[in-house]
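> What follows is a structure written as structure tokens; I'll ask about it next.
A short reminder: the numbers here are calculations on the coordinates, not readings from a lab. Not measured: the values here are computed from a predicted model. Glycine also receives a Cβ, built like all others from the backbone with ideal geometry; neighbour counts cover every protein chain displayed.
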There are 2 protein chains.
Amino acid sequence: MSLNILNKINNPRDLKILSREELHTLSTEIRDVLIKRVSTTGGHFGPNLGMVEATIALHYVFNSPVDKFVYDVSHQSYTHKILTGRKEAFTNPEKFKTVTGYTEPKESEHDFFTVGHTSTSISLACGLAKGRDVVGGKENIVAIIGDGSLSGGEAYEGLNNAAASGKNIIILVNDNDMSIAENHGGLYQNLALLRETEGKAEHNFFKSFGFDYHFVKDGNDIDSLIETFKKVKDTNHPVVIHMHTVKGKGYDDAEVNKEAFHWVMPFDLETKSPLFSGEYVKSYGDITSDFLVEKARKDKSIVGITAATPNIVGLAGLRNEFKDQYVDVGIAEEHAIALASGIAKRGGKPVASFISSFIQRTYDQLSQDLAINNNPATILVNWGGISGGDVTHLGLFDIPLISNIPNIVYLAPTTKEEHIAMMEWAIEQDNHPVAIRVPNMEVVSTGIEVEPNFDELDKYVKVEEGSEVAIIGLGSFFHLGKKVANRLKEIGINATLINPRFITGVDEELLNELQKDHKVVITLEDGILNGGFGEKISRFYSDKNMRVLNFGADKEFTDSVALEVLYERYHLTEKLIVADIEKVLEDIKTLA
Amino acid sequence: MSLNILNKINNPRDLKILSREELHTLSTEIRDVLIKRVSTTGGHFGPNLGMVEATIALHYVFNSPVDKFVYDVSHQSYTHKILTGRKEAFTNPEKFKTVTGYTEPKESEHDFFTVGHTSTSISLACGLAKGRDVVGGKENIVAIIGDGSLSGGEAYEGLNNAAASGKNIIILVNDNDMSIAENHGGLYQNLALLRETEGKAEHNFFKSFGFDYHFVKDGNDIDSLIETFKKVKDTNHPVVIHMHTVKGKGYDDAEVNKEAFHWVMPFDLETKSPLFSGEYVKSYGDITSDFLVEKARKDKSIVGITAATPNIVGLAGLRNEFKDQYVDVGIAEEHAIALASGIAKRGGKPVASFISSFIQRTYDQLSQDLAINNNPATILVNWGGISGGDVTHLGLFDIPLISNIPNIVYLAPTTKEEHIAMMEWAIEQDNHPVAIRVPNMEVVSTGIEVEPNFDELDKYVKVEEGSEVAIIGLGSFFHLGKKVANRLKEIGINATLINPRFITGVDEELLNELQKDHKVVITLEDGILNGGFGEKISRFYSDKNMRVLNFGADKEFTDSVALEVLYERYHLTEKLIVADIEKVLEDIKTLA
């Protein structure tokens, strides 16, 4: 492809001298670059294709970085990156890894926040605007938010406050009529009505807050965008621009299959097949999904709940087959937990499933709406664990977050059979809110059914009986514990191996018993150590004659650091763990 | 006062046979009871006075507990309690303590949730409605929410989902034009417009979601309420009833001074003076307030932020004196944190102040909007600590919540001078988000200024140098540590006393040094042990030859349990602590 115009653009300033025709050509070139790049590397596809023209028009009219753009979730910021000095990260395969998939202040003065969770842009923009006003500035502050992100409570709190600020703030609503999945909620009926009526419908969500409201019929038309942006630039009051764009614009399949093309794995543009195929292996998500479908067929009171991510949290099956037993609440995790609590209170059997990183959005609801009320809802936590992923999507924090709330029973299955048994128990019992940390690894199946009875809380299971060293391997790290035990055998130590099953409590009887013939207890958890599981074991033994080693992640935000690097850093390999154990045993010998 | 009608009411059924005139008399009787009772015991005054008529009308028209009422925050549920078999708790002083100030399922089958945080009722009601639909029921589900509570994100998520549910759910908006303080936000302009136009304004927030909207001009008029409730009873679709009530209705002073009478201490109805007067003692809130006012006068970039509770979090001064340097975001803690992050990013100096129990509402924003971005905002956490308060307002959880998030520096001052120094440092530095746990106790002042320099993170201060036993007393519990040290002296132990200052890290150098001549380290923290400060010390020593005792609260929800009882239960008296220390020392001797 030829990039005649793009080649000349190294900075938003270069854009401002282009003719309208050149701007149109630029949009075609950028769209080509995006399609090629994202099909090669994977990434957010649909959201970025829909935002090409609007991003060009924004940079044409406003003066970034003095005028400031705040992208919500920021998975629609690729064109922004291309126009602000980072185009090589999209055109040159060798530089593909030099930028993240989200806005990142470390990359550019045109980015203001590291963002990856939704619904935050308006509030952050309110902050920039208020900072401007007290420090003394005159720039435009522009929040760019998708319609999907408007379903989250923080976005509403932002709208409500922005509307009353009485100062320059411009909120660009990118309405492509899609969240990751389809939208749900009364607001979306209003957006649809506003699209139909070209912004003229009687009841207008944005106008009800008092915003100066502008509608852009074709948000992929640079000319009308420029016209509107010019109109509101340097406004002295809060403005909403509601533009209708096409998600996946310019790539037919993405325009049709909006959800599948929201985020893609690398694929071949010609054959349209994935680049890394290999055999499909069943995931824990599939196991969740199959189990829930079977349960729901037999029991009409089972209700699956997702906050806009059904397919990646094991609710694909319910979504496909059931209408009344499946609820997508939008990106509204807080509502999801309260809804689950209410359903359980009324005798239904709710199963609310989340990604670890997003359950962070609902601490107060877990505590107040659910735990204090002790309603027997089932919560599934997916993707918990150390990962090489984006800093905004780490699965490190769910154990400290959930396990320190009274009343909630947080379980950590180690195998397929245990996961199924725990779901079965959680759904059928009615004494506790139960959360299950779905293993974040390849499926391990023993073929041996596990009895769905976890009534006796905090009862750990001794899987191998040994002496001197005891290994408590939590959830998916039980298997690491097994490897450690095997390696210890090689040096003559017959370790005890324990599957604790319960994250939320300490098996005092078993731990006391270990004191008889064990010198060292180690804990393994796939998450941050601070506030986590291992510290409880350390506390239990802290006034006793036992050495404890806690293995897990350090308290730090990591951004796309390879898993192997992190495992080395945190001593999470059997080799490093055994070395640490040997060192402690040596210390004990020295003291004695 | 005579309670001719109320005397006949033991159950909502008794209400249904009354004439309209008797209902009116009943409302007068109940209002008298409320004024008398709340002036005697203290409690929520204004919110309950405004809801007398609506509660009578609700119980007259609907059939509780089959039809279900969900009260938001539920500090407006006293009349509901009076009508549902609990009137003696309001009429008989000996029984005043038999009910809590909020709805409580353990008290009555007419209550469905233990509630004390705002903005949850619509989502919880959605749950009851969904449960009804999957289990098979036909009852009405009614959420009752004040206008102030509508500023929280969870309420919006609830509205958005309720509107799209397509089933029976009735949302009664009790619009008294007040939050605890005045309302802030675009929504409130719309509510005002709707009140002025009697619900006929062009732009209608509720209609924009698609709700079937009904306006009740006088929400203290039983007849029009009954008429409207009858109209919507057994509806097959989502309904909003927007009623205008008078907060504090029927008590002149409360109608005028709505904020002061939101929640009252006991007072004399005739003289109107408080029953427990005594000399006014300056609180840490006053110190915060005075300090911020002085700073803000000199520095126009200081911005105080509150989520609807200015006066109890040390922002009264800013509120009174400044317009542009004070922001009340409504009950929108999430927005408050993102706003602070944005202001700091733009070079302003935000100070966002919360009650411990409410900062729970903003975990994801602390993590994502603030900590990942590492913006130097100052967060104040008030009322953290073990308390005899309501289960929904415990200050136990802020340490696990905040201290396990990377990048945030969480400080625990022990005196007035340290609190001031920490605020000064937090506001002026620009390397970290800093949270300060404002001591929850009587002010301790040494008169000796503390240098506002905490640049060297995790540096503990050894206040008294001793041996054998080291006491690490965090924040307000430093003073308990001092008492323990004094008592240990009596038995011949000269303990080391440490003020850690930093909640978020471990002073490895100092802790290592203690190993030389100390056998036992104890930690004292005013909060839940699980996930807290002490466990980090236990983990640090877990592979070393040191005994550690962690003192703090157990993982449990307590509801109005007296502080003395809790201190005994958790061994938080110097006597019990010293006994525990002696026991460990004895154990060590036995082993040696």
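> Quickly estimate the mean residue ellipticity at 222 nm for the protein assembly as shown, helices only: each DSSP H run with n ≥ 4 gives -39500 (n - 2.57), and the total goes over all residues, rounded to 500. Working shown, then result.
Numbers: 46 runs with 435 residues, N = 1184.
Helix contribution divided over all residues of the protein assembly as shown: -10500 deg cm²/dmol.
> For peptide B:207-219, compute the average count of partner chain beta-carbon atoms within 10 Å of each residue's beta-carbon. Walk me through the intermediate numbers first.
On the way: counts 7, 16, 9, 8, 2, 0, 1, 0, 0, 0, 0, 0, 0.
That works out to 3 on average.
> Moving on to the next point. Excluding A:ASP67 itself, what net charge comes from residues whose Cβ is under 11 Å from its Cβ, given Lys and Arg +1 and Asp and Glu -1? Write down the numbers at each step before the final one.
Details: positive: A:LYS68, A:ARG132, A:LYS138, A:LYS233; negative: A:GLU139, A:ASP234.
That sum, taken over residues with Cβ under 11 Å, equals +2.
> Follow-up. Could you size up the charge dipole of chain A around its Cα centre, putting +1 on the beta carbon of Lys and Arg and -1 on that of Asp and Glu, and report it in debye to the nearest 20? Walk me through the numbers on the way to the answer.
Details: 60 positive and 85 negative charges, 218 e Å.
Here chain A has a charge dipole of around 1040 debye.
> If one takes the longest principal axis of the Cα atoms in chain B, at what angle in degrees, from 0 to 90 and to the nearest 10, does the Cα axis of helix B:153-164 lie?
Helix B:153-164 and the main axis of chain B meet at about 40 degrees.
> Taking a point 7 Å out from Cα toward Cβ as the label site, list the nm distances between B:LYS300 and the same residue in every other copy, smallest first.
Here B:LYS300 shows inter-copy label distances of 6.7 nm.
> How crowded by other chains is A:132-140, given as the mean number of beta carbons from other chains within 10 Å of each beta carbon? Don't skip to the end; give the middle numbers.
Details: counts 5, 7, 14, 7, 3, 2, 0, 1, 0.
Per residue, the average neighbour count from other chains is 4.
> For A:LYS483, place a label point 7 Å out from Cα along the Cα→Cβ vector, do the same in each other copy, and report the separations in nm, one decimal, smallest first.
With the label placed 7 Å along Cα→Cβ, A:LYS483 yields 5.1 nm.
> Normalised by the number of residues in the stretch B:463-591, what is the relative contact order in percent for Cα pairs under 8 Å and 6+ residues apart? Present the calculation step by step, with values, prior to reporting the outcome.
On the way: 197 pairs, mean separation 33.2, N = 129.
Reported as a whole number, the value is 26 percent.
> Ok, one more. Residue by residue through the stretch A:388-398, which ³J(HN,Hα) values in whole Hz follow from phi under the Karplus form 6.51 cos²θ - 1.76 cosθ + 1.60 (θ = phi - 60°), with glycine and proline marked x?
Karplus-based 3J(HN,Hα) across the stretch A:388-398 equals x, x, 5, 4, 7, 10, 5, x, 8, 10, 5 Hz.
> Turning to a different aspect of this structure: Add +1 for every Lys or Arg and -1 for every Asp or Glu among the other residues with Cβ under 14 Å from the Cβ of A:SER289, and state the total.
Details: positive: A:LYS282, A:LYS295, A:ARG297, A:ARG319, A:LYS416; negative: A:ASP286, A:ASP290, A:GLU294, A:GLU321.
Charge balance in the 14 Å sphere: +1.
> Relative to the Cα centre, what is the charge dipole magnitude of the stretch B:284-437, using +1 at the beta carbon of each Lys and Arg, -1 at the beta carbon of each Asp and Glu, and rounding to the nearest 20 debye? Can you show the working numbers first?
Values: 12 positive and 18 negative charges, 57 e Å.
That gives a dipole near 280 debye.
> How do A:PHE291, A:PHE358 rank when sorted from fewest to most other Cβ atoms within 10 Å of their own Cβ?
Details: A:PHE291 19, A:PHE358 24.
The most exposed by this proxy come first: A:PHE291, A:PHE358.
> List the distances, in nm to one decimal, from the label point of B:GLU321 to the label points of the same position in every other copy, shortest first, placing each label point 7 Å from Cα along the Cα-to-Cβ direction.
Its label point is 6.7 nm from the equivalent points in the other copies.
> For each of B:SER273, B:SER39, count neighbouring Cβ atoms within 10 Å of the residue's Cβ, then give the residues from fewest to most. Mind showing how you got there, number by number?
On the way: B:SER273 8, B:SER39 20.
Listed from fewest to most nearby Cβ atoms, that is B:SER273, B:SER39.
> Here is a follow-up. Could you rank the peptides A:82-94, B:114-126, B:2-14, B:319-331 by their average count of other C-beta atoms within 10 Å per residue, with the highest value first? Could the numbers behind the result be given before it?
Details: A:82-94: 18.8, B:114-126: 28.6, B:2-14: 15.5, B:319-331: 20.6.
Highest-to-lowest ranking by the protection proxy: B:114-126, B:319-331, A:82-94, B:2-14.
> Where a ≥ b ≥ c are the square roots of the eigenvalues of the C-alpha gyration tensor, would you call the protein assembly as shown rounded, which needs a/c under 1.5, or, failing that, prolate if a/b is larger than b/c, or oblate?
It comes out rounded by the Cα gyration axes.
> Run the quick spin-label model on B:ASN4 and A:ALA192: label points 7 Å from Cα toward the beta carbon, then report their separation in nm to one decimal.
It works out to 5.7 nm between the two label points.
> Sticking with this structure for a sec: Place the peptides A:387-398, B:301-312 in order of packing, highest mean first, counting for every residue the other Cβ atoms within 10 Å and averaging per peptide.
Working: A:387-398: 22.2, B:301-312: 24.2.
For the peptides A:387-398, B:301-312, the packing ranking is B:301-312, A:387-398.
> Continuing with the same structure: What order do you get for B:MET265, B:MET178 when you list them from fewest to most C-beta neighbours inside 10 Å? Don't jump to the answer; show the numbers that get you there.
On the way: B:MET265 12, B:MET178 21.
Listed from fewest to most nearby Cβ atoms, that is B:MET265, B:MET178.
> Also, quick follow-up: Restricting to Cα pairs below 8 Å that are 6+ residues apart, what does the relative contact order work out to for the stretch A:6-254? Please round to a whole percent. Don't skip to the answer; put the middle values down first.
On the way: 457 pairs, mean separation 55.0, N = 249.
Taking the mean separation of contacting Cα pairs over the length of the stretch A:6-254, I get 22 percent.
> Suppose every K and R has +1 on its Cβ and every D and E has -1 on its Cβ; what is the size of the dipole of the protein assembly as shown about the Cα centre, in Debye to the nearest 20?
Working: 120 positive and 170 negative charges, 171 e Å.
In debye, rounded to 20, the protein assembly as shown gives about 820.
> Closest beta-carbon to the A-to-B rotation axis: which chain A residue owns it, and what is the separation in whole Å?
A:GLY153, 1
> I need the per residue convex hull volume for the stretch A:461-591, using only the alpha carbons, in cubic angstrom as a whole number. Working shown, then result.
Numbers: hull volume 14.2 nm³, N = 131.
Convex hull of Cα atoms, per residue: 108 Å³.
> Give me the net charge for the shell around A:ALA307: Cβ to Cβ below 10 angstrom, other residues only, Lys and Arg +1, Asp and Glu -1.
Details: positive: A:ARG361; negative: A:ASP328, A:GLU333, A:GLU334, B:GLU157.
It works out to a net charge of -3.
> Something else about it: If packing is taken as the average number of other Cβ atoms within 10 Å across a peptide's residues, how do A:148-159, A:521-532 rank, most packed first? Intermediate results must be reported in sequence, preceding the final value.
On the way: A:148-159: 30.7, A:521-532: 27.4.
Packing proxy ranking, top to bottom: A:148-159, A:521-532.
> Taking the dipole about the Cα centre of the protein assembly as shown, with the C-beta of Lys and Arg at +1 and of Asp and Glu at -1, give me whichever of B:VAL444, B:HIS571, A:GLY534 is farthest to the positive side.
It is B:VAL444, whose Cα lies furthest towards the positive end.
> Now a separate question. For the pair B:GLU468 and A:MET265, how long in nm is the line joining their label points, each one 7 Å along Cα→Cβ?
Placing both labels 7 Å beyond Cα along the Cβ direction yields 6.6 nm.
> Something else now. Across peptide A:343-356, what mean number of C-beta atoms from other chains lies inside 10 Å of a residue's C-beta?
Values: counts 11, 2, 9, 14, 7, 8, 3, 4, 0, 0, 0, 0, 0, 0.
Partner Cβ neighbours, averaged per residue: 4.
> If you don't mind, there's one more thing I want to ask. How many nm separate the modelled label positions at B:ARG569 and A:GLU88, each set 7 Å beyond the Cα in the direction of the Cβ?
6.3
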